[in-house]
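To start, the structure itself, in structure tokens.
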Amino acid sequence: MAGFSSFREFYPFYLGEHRNRVCRRLHFAGTACVLAILAAAVVTGRPAWLWLAPVAGYGFAWVGHFVFEKNRPATFRHPLYSLAGDWVMFFDVLRGRVRL
């Protein structure tokens, strides 16, 4: 993996690491679960729910990479850009820019 000087440079690489449709779907599901967990924590007033957010987010994503995409998640080398990429891809799916 090369170094990236900006997220704009990184995002095409990130999308290239998510060519497998099942992997993208798992990422989308994981991010949706994170949103549901955050909402549950706020609505119930129980911050203990928050420990589930990274488990759901990374759990779904890593299954997608290791089982379906057969590559190593970019999170290991580019954690912040990767986290941003998850959210940008999630919203790009909602906008119809990335297909599930």
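Where a number appears in this text, it was derived from the coordinates with a stated rule and is not lab data. Only a predicted model underlies this, so the values are computations on that prediction, with no experimental measurement involved. So basically every Cβ, Gly included, is an ideal-geometry build from the backbone, and we count neighbours across all protein chains shown.
Annotations
- Expressed per residue, the C-alpha convex hull volume of the chain stands at 96 Å³.
- 3J(HN,Hα) along the range 74-85, derived from phi through the Karplus expression 6.51 cos²θ - 1.76 cosθ + 1.60 where θ = phi - 60°, amounts to 5, 3, 5, 10, 9, x, 6, 4, 5, 4, 4, x Hz, with x in place of Gly and Pro.
- Compared with the dominant principal axis of the Cα atoms in the chain, helix 7-16 is inclined by about 80°.
- On Cα atoms only, tilt of 21-44 relative to the major axis of the chain in degrees: 30 degrees
- Point-to-point label distance, Asp92-Arg77, nm (Cα→Cβ direction, 7 Å offset): 1.8 nm
- For the range 61-68, putting each phi into the Karplus relation 6.51 cos²θ - 1.76 cosθ + 1.60 with θ = phi - 60° gives couplings of 4, 5, 4, x, 6, 6, 8, 9 Hz, in residue order, rounded to whole numbers and with x for Gly and Pro.
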